[in-house]
Amino acid sequence: MNVAIVGSGIAGLSCGYRLVRAGLKPVVFESEAFAGGRTHAHEKDGFVMDTGAYTIPEFHKKFLALVDELGLSGDLVEAPGNSVIYKEGRPHRVEIGTPVDFMRLKLLSFKSKARLVKIFMRAVSLGKHLDLNRPDDKTFQLEQESAAKYLLRNGREDLLTHIAWPVFSELFLGNPEKNSKAAFLATIRKLVRFKIFCFNSGMGTVARKLSEKMTVRFNTPVVRVNRNMADDAWRVDWGGESPGSGHFDHIVFALPPPLVPDIYTSLSSLATDLCRKVVYEPCLVVALALKKPPAGSAMICAVLREEFPNVATVIFDHLKGSGRVPQGKGLLSVILSADASRKFYKIGDGRIRAVVLDELSSLWPELQDDLLFAKVFRWQQAAVQLPEGALRAQVQLRELLKKEHEQLHFTGDGYFRASMEIGVVTGFNAADRILAA
Ligand SMILES: Cc1cc2nc3c(=O)[nH]c(=O)nc-3n(C[C@H](O)[C@H](O)[C@H](O)COP(=O)(O)OP(=O)(O)OC[C@H]3O[C@@H](n4cnc5c(N)ncnc54)[C@H](O)[C@@H]3O)c2cc1C
């Protein structure tokens, strides 16, 4: 059986790995020169920069099992994972474990804390209705308004500013206006203390190891997939340095759904429409390599949009493991807000770096002097957003694609919420479907 996989992100590689283990020889097509997509690290002068995904929570069981199976557990480090929210120049620790912890948040008024506890209890009582990967009618009801509208409707502006914004900017790379009340409640309920992990040698470790186990054709973008009636196969046309075409029994699309209809133009009009409607925000990540670490011991620093128009989150990468920076040096990943990422996406790296340094100078005035180099990473489809009606549309899209196609398989994060775990799960599922065919 010949299988073509379009995309060497974690979804495509997980699928390929499962097929290889079953004795098949899939071919993975990748438009970039490296494997991993949004799970990749860039190395320069001893600094290891995660260009996209940066942490693995302990409940990403399938991903962690894969890491173990690949013999990479020794490279995993438990990251401090501690978070602060900066307000008026001061860091406020955020440690949530029980509703009582909400009452300790100095950022909120007493009334807001009490309201937050109430919201948390409501979210807990909703139980499985807040499983965003298996939504039901109740979930669909809860996704009929945005998180922002829900909070404002109830006079909870304080919670919008100090809770919803940091939650959505860090965990969704988005904002409370473009994500639903269901997404907010589901996330609030999960704000419990859990372990998080990083890789000492950077997030590209898994993708690198997986890609060694199969044929990956780098710099080879797939431009068209067509049904070839004559020999009952699928024809794949690719571009890049050595354009060509080949025939395959199964095709796995392992790239964000909005890109699929550009390659496979024979999708039904409803499926095309639903693929294009999956909302991704763009994201700019600016890595700052520094002569020394700036002040602060929290790994994840959120800032408020009222005070910082462009920066959303700052990650202290030098706290992620001993192998991330040369001895004594510092490394920050500055994540711009979705709005700022859209605004600056096409401007030059130098200007983006200037915006970031200028904005962060109020927190760390020494950054400019300590800067060794900066590197800008751009993601056009960074993370899936869950606006009103998105969960229902995802279910419809998943069911439609499964019904319409037996030899085409659709994997990756756009069919669910964005995460590496979803990449592994959907990749494995696609492989199982192919092996069962
Ligand atoms: C800044 C950032 C931080 C994140 N943080 C986390 C985190 O901490 N934890 C977490 O779990 N998740 C995080 N995520 C989300 C996570 O990275 C993604 O959900 C996951 O990596 C998606 O994997 P994928 O395989 O579905 O897609 P991708 O990684 O996007 O892979 C798709 C691949 O397809 C290739 N491709 C595209 N078009 C073509 C074509 N025509 N032909 C051939 N190849 C093509 C692309 O180059 C890419 O390599 C983060 C994402 C970003 C951007």
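The values are calculated or read from the model by the stated rules, or taken from the named source; none is laboratory data. Source: prediction; values computed, not measured. Don't worry about glycine lacking a Cβ; one is built from the backbone with ideal geometry, like all the others, and counts go over all protein chains shown. Calculation scope for accessible area: heavy atoms of the full protein, side chains included, ligands and nucleic acids excluded. Shrake-Rupley method; radii C 1.70, N 1.55, O 1.52, S 1.80 Å.
Where does the Debye-calculated log10 I(q)/I(0) of segment 212-297 sit at q = 0.21, 0.23 Å⁻¹, using only Cα point scatterers of equal weight, no solvent?
Relative scattering, expressed as log10 I(q)/I(0), comes to -1.13, -1.23.
Between residue 370 and residue 403, what FRET efficiency comes out of the Förster formula 1/(1 + (r/R0)^6) with R0 = 56 Å and r the beta carbon distance, rounded to 0.05?
Working: r = 57 Å, r/R0 = 1.01.
The value I calculate is 0.50.
State the percentage of accessible surface on segment 97-189 attributable to carbon and sulfur atoms; use a 1.4 Å probe and exclude ligands, DNA and RNA. Provide the component values of the computation, followed by the final result.
On the way: 2220 of 4060 Å².
Carbon with sulfur: 55 percent of the solvent-accessible area.
Is any helix in the chain, taking whole DSSP H runs, at least 20 angstrom long along its axis by alpha carbon and on average at least 0.5 on the Kyte-Doolittle scale, and which ones? The partial results should precede the final answer.
Details: long enough: 110-125 (23 Å, 0.34); 390-404 (21 Å, -0.52); 420-436 (24 Å, 0.87).
Length and hydropathy pass: 420-436.
If you split all Cα-Cα distances of segment 97-189 into 5 Å bins from zero, what percentages do you get per bin, shortest first?
Pairs per bin, as whole percents: 3, 15, 25, 27, 21, 8, 2, 0.
What is the dipole size for the chain, taken about its Cα centre, with +1 at each Lys and Arg Cβ and -1 at each Asp and Glu Cβ, in debye to the nearest 20?
Here the chain has a charge dipole of around 1020 debye.
I'd like the Karplus ³J(HN,Hα) series for segment 23-40: coefficients 6.51, -1.76, 1.60, θ = phi - 60°, whole numbers in Hz, and an x wherever there's a Gly or Pro.
Once rounded to whole Hz, the list reads x, 8, 10, x, 10, 9, 9, 9, 6, 8, 8, 9, 8, x, x, 7, 10, 8.
Could you give the dipole magnitude of segment 97-189 about its Cα centre, charging the beta-carbon of Lys and Arg +1 and that of Asp and Glu -1, in debye to the nearest 20?
Details: 16 positive and 10 negative charges, 78 e Å.
It comes to approximately 380 debye.
Kindly state, to the nearest 0.05, the FRET efficiency for residue 349 paired with residue 78, given R0 = 35 Å and r defined as their beta-carbon distance. Provide the component values of the computation, followed by the final result.
Values: r = 33 Å, r/R0 = 0.94.
Computed FRET efficiency for residue 349 and residue 78 comes out at 0.60.
What number results when the radius of gyration of segment 360-437, computed over Cα atoms, is divided by 2.2 N^0.38 Å?
1.72
Report the normalised scattering of the chain as log10 I(q)/I(0) at q = 0.06, 0.07, 0.11, 0.12 Å⁻¹, calculated by the Debye formula with identical scatterers on the alpha carbons.
-0.25, -0.35, -0.87, -1.04
At what distance in angstrom do the alpha carbon centres of segment 326-371 and segment 71-87 lie from each other?
21 Å
Heavy-atom accessible area per residue, the chain, 1.4 Å probe: how many Å²? If you can, show how the numbers build up before the last one.
Working: 18520 Å² over 437 residues.
Counting only protein heavy atoms, the per-residue value for the chain is 42 Å².
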